[in-house]
Amino acid sequence: MAEGQREHARSNRLLGALEASSRKRIDPHLEPIKLELGAIVCDAGGLLKHAYFPEGAVLSLLTVLENGSAIETANIGREGAFGLFAAMYSRVSFNRCLVQLEGSVIRCPIEVLQSEFKRSEHVRDLFVSYSETLLSQVQQTVACNAMHTTEERICRWLLMMHDRAEGEALPYTHEFLSHMLGANRKSVTLAAQSLQTAGLISYYRGIIKVLNRPGLEKASCECYAIVKERFDAFLTPPSTAVQGDTKGRRMM
């Protein structure tokens, strides 16, 4: 990988957080690719050959049910990666991974990351911290889908996509939103109409634009802010983290 590509790869926060010795070993194996909207990176139960570190793309993790329906449980942008569970443990994907926003991705062979995971304590800490944070997004999404209104959930989802798209228009139809949120098409259309009437968004022929970001945040449930705070902080262990000295702590 050329030097310019290496610097570009570090726009992914997880790659950029690797210590120099790990980057030196991993960099020659990194490959930049572009993924198109709707492409399936890996299906549920599929064998992963690479881990994927988004730069401009956003990847969606879908839980697939027996009848073929699927619902989004997490999404991944330039803050993280898809395939780290495979690098740490199993090479089988538990979810379907779909390209939710097309763009560039850096991929790395699973074997390279597995080797680095075994070699470096820093990499182990980083991968586990990210995986725990991604799991918290899954848990928050489950609660959100069960407890909050369709309008609140759309606001949460659009805010997350707006962050990743850096303010660009979002190429999503109501049909696509209904699949991602596990909501029926009619409820999504009614909620979108309400948000447009309130001047928060505009939509036309499959293009959604955020017009009033503060208003959209206010209309969202608490889930967006909770997940964003966790991802903003995952590279730094919290002050409450147990780093070896457990004296005075109540253990469960």
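Normalised by the number of residues in the chain, the mean separation of alpha-carbon contacts (under 8 Å, six or more apart) gives a relative contact order of 19 percent.
Using a probe radius of 1.4 angstrom, the carbon and sulfur fraction of the accessible surface of the stretch 26-96 is 56%.
Taken per residue, the accessible surface of the chain reaches 52 Å², heavy atoms only and a 1.4 Å probe.
Overall, the chain carries a charge dipole of about 240 debye about its Cα centre when +1 sits on the Cβ of Lys and Arg and -1 on the Cβ of Asp and Glu, all other atoms neutral. The distance linking the stretch 96-140 with the stretch 18-47 is 9 Å (Cα centroid to Cα centroid, whole angstrom). Counting lysine pairs in the chain that sit 8 or more residues apart in sequence, or on different chains, and whose Cα atoms lie under 19 Å apart gives 5. Take every Cα pair under 8 Å in the stretch 19-78 that's 6+ residues apart, average their separations, divide by the length, and report that relative contact order as a whole percent. Normalised by residue count, the contact order of the stretch 19-78 is 26 percent. Placing +1 on each Lys and Arg Cβ and -1 on each Asp and Glu Cβ, with no other charges, gives the stretch 114-246 a dipole about its Cα centre of roughly 520 debye.
Here the simple spin-label model places points 7 Å from the Cα toward Cβ, and for Glu222 and Arg119 these points are separated by 4.4 nm.
Kirkwood analysis of the Cα pair distances in the chain returns a hydrodynamic radius of 19.2 Å. Largest accessible area first, the residues Thr236, Thr149 order themselves as Thr236, Thr149 under a 1.4 Å probe with ligands, DNA and RNA left out.
Element breakdown for the stretch 138-208 at a 1.4 angstrom probe: carbon and sulfur atoms account for 54% of the accessible area.
The values are calculated or read from the model by the stated rules, or taken from the named source; none is laboratory data. Being a predicted model, the structure only gives us computed values, none of them experimental. Positions of Cβ are generated from backbone atoms using ideal geometry, with glycine treated the same way; all protein chains shown enter the neighbour counts. What goes into the accessible areas is simple: the full protein's heavy atoms, side chains included, and nothing from ligands, DNA or RNA. Shrake-Rupley method; radii C 1.70, N 1.55, O 1.52, S 1.80 Å.
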